[in-house]
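Reading through the structure tokens given below for one structure.
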Amino acid sequence: MLNWLLAVATGGLLVLIFPRFNVVWLAPFALAPLLIAAAREARPLRRFLMGWLCGGVFWCGVCYWIQFVLAVHGGLGEALGGAVFLLFCAIKALHLAVFTLLAGILMRRTQGVPRAIPAVAALWVAVEVTHGPLGFAWLALGNAGIDMGVPLRLAPLAGVYGISFVFAAMSVAIAGIALRRPRVELLWLAPLPFLAFLPTMPDTRPGQEHALLVQPNISETEQWTDDSVIRQGNALADATLRGVLMAGERRTEIVVWPEDPAPLYYYQDAHFHDEVNRLAQVTHAYMLVGTVARAADGAPLNSAVLVSPAGKEVSRYDKVNLVPFGEFVPWPLGKIANTISSEAGDFERGKRVVTSPMGSHYIGTFICYESVFPNFVRQFVRDGADVLFTISNDGWFGKSAARDQHLSIVRMRAAENRRWILRAANDGVTATIDPAGRVMGHLPFYEAATSYTAFNFIAQQTVYTRFGDWFPGLCALIAAAGLIGPLAAVRMRESRRSAKS
């Protein structure tokens, strides 16, 4: 029973370190109870199930808002929405189940070189990085370090996964102390104080360029008519003009409209198309607008269009990483669930990363959920983006902690690439984030408002920007090397038993 309670404890601790609780100092301790249980439990199936339970607690506690999205905006209702949400949690929990199964092998290894700390921490990172490719990613363990000055210095080198490794290594050490392992094993932590000698994150500096971020606060449940669509487009235009006029003589480089739930279609609606182009000309600013475009086969694309001050389209980026249930329904659930968007049918994926010229500089724009993919976001900077923009509609989350969770994820992308990120969201969080991941200001939630904000263009690239997820690859090799010996020993014992019998 104790082992099961320890597994639940880690699930609970992982929930507490993220918004809505933000007890971030628990991050170095969070995995310790589960690792103690894994070391105590010799039976592989039991370890797997304990990890599965832990993962279920974590995903239910952190992403509880998904049930609301499915029930209300996905049209499933409370009961079926809850059932699909529990199925989602059960599937995502398999990552922690696999981690616990394998971590138990490494934690129980008592012969040979004591290497549980680096091997288990590397295993954590190797499993953590698989969330995105296997369906859905959200908060990495390292995201809890976004406000920790010293661990955050790893972000421009190894990305968020470098911070995850540090927290996981500390949890292994704590578990080892609780299990009365030899103190010599703690020597693996000796390099940690040297993190203080890594380059510090950039100081807070005022930006020299200016942007206007528009937060329209459009309802997700509005039943749109031709007249209401025109009114909403006019409201966006009025808010833009007021914001630019309030800036006075200061030049507005770019106006950013968010991803929003209104059917404001730059390509299909001639009135809206002309309105955006005229605004760019009147304000003498670039316009970055979220819209729905169409693929060659007519399928919808979630897109961001950049219009020049001359009123001409500069570029279009089509969202590459789509949201499960938000923009497509994973097989085989298409018969019972709807996407939360207003579009009929699934969105089509974009094909490529786009960096867009803005005067003598280049910008990159990623859309909403794409912020959870560090290796993807850094490609915009690698390809020349001097500043990043992200447009989002977090209104689908309701009044939940998902908004703050999403913001912390975006902040980590700024720290990894040392870029300003300007975020325009439908009803919050609209924010300006500096190259150290600090929030320089944000608009209040659930209000129509504009933010006249400053930023800088930056040309230098970090190690993480240039090389991407090199560190998780290294961790996969370390974890595999740590597992080879114990697994070979198990096979040898089994073969001896078979020979004797």
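The values are calculated or read from the model by the stated rules, or taken from the named source; none is laboratory data. Everything quoted here is computed from the prediction, not taken from an experiment. No Cβ is skipped: glycine too gets one built from the backbone with ideal geometry, and neighbour counts run over all protein chains shown.
If we keep just the residues of the stretch 357-412 that are among the acidic types (D, E) and either closer than 21 Å to G135 by Cα or more than 16 Å from the chain's Cα centre (by Cα) (or both), which is surrounded by the most Cβ atoms within 10 Å (Cβ to Cβ)?
Here the answer is D394.
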*Examine the stretch 60-75 for a residue that is touching a Phe, Trp or Tyr at 6+ places or on another chain (Cβ under 7 Å) and either closer than 20 Å to A173 by Cα or of a type in the set (S, T, Y) (or both), and state whether such a residue exists.*
no
*When both residues are 6+ apart or on different chains and their Cβ atoms are under 8 Å apart, which pairs have a first residue that lies in the stretch 444-458 and is part of a loop (DSSP other than H, G, I, E, B), and a second that is buried (at least 17 other Cβ atoms within 10 Å of the Cβ) and polar (S, T, N, Q)?*
Y446/N217; E447/Q215; E447/N217; A448/Q215; A448/N217
*asked:* If a residue must be part of a helix (DSSP H, G or I) and in contact with a Gly (Cβ under 8 Å, 6 or more places away or on another chain), how many such residues does the stretch 143-164 contain?
replied: 9
*Could you run through the stretch 259-311 and say how many residues are within 24 Å of the chain's Cα centre (by Cα) and closer than 16 Å to E327 by Cβ?*
11
_Can you list residue pairs whose Cβ atoms sit under 8 Å apart, with the first residue in the stretch 148-176 being assigned by TED's automatic domain parsing to the domain that holds I478 and the second being of a type in the set (D, E) and part of a helix (DSSP H, G or I)? Count only pairs 6 or more apart in sequence or on different chains._
A155/E416; P156/E416; G159/E416; V160/E416; Y161/E128; S164/E128; A173/E185; G176/E185
*Looking only at residues in the stretch 222-240 that are in contact (Cβ under 8 Å) with a residue 24 or more places away in the chain and outside any helix (DSSP H, G or I), which one is nearest to G75 (Cα to Cα)?*
E222
*Which of the residues belonging to the stretch 263-276 are surrounded by fewer than 22 Cβ atoms within 10 Å (Cβ to Cβ), touching a Phe, Trp or Tyr at 6+ places or on another chain (Cβ under 9 Å) and of a type outside the set (S, T, Y)?*
P263, H273
_Residue match in the stretch 330-353 (condition: outside any loop (DSSP other than H, G, I, E, B), under 25 Å from A285 (Cα atoms), touching a helix residue (DSSP H, G or I) at 6+ places or on another chain (Cβ under 7 Å) and modelled with pLDDT of 95 or more)_ = no
*Count, please, the residues in the stretch 5-41 that happen to be aromatic (F, W, Y) and within 22 Å of A402 (Cβ to Cβ).*
2
*Quick one: in the stretch 172-195, of everything that is closer than 11 Å to A116 by Cα and assigned to a helix (DSSP H, G or I), which residue is farthest from the chain's Cα centre (by Cα)?*
E185
_What are the pairs with Cβ atoms under 8 angstrom where one residue, in the stretch 2-15, is among the hydroxyl-bearing types (S, T, Y) and the other, located anywhere, is outside any helix (DSSP H, G or I)? Sequence gap at least six, or different chains._
T10/A30; T10/L31
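Considering each of G311, G290 in turn, give the residue that is part of a loop (DSSP other than H, G, I, E, B), modelled with pLDDT of 95 or more and more than 17 Å from R242 (Cα to Cα).
G311
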_Given the condition under 25 Å from R466 (Cβ atoms) and not in a loop (DSSP other than H, G, I, E, B), answer yes or no: does some residue in the stretch 198-206 qualify?_
no
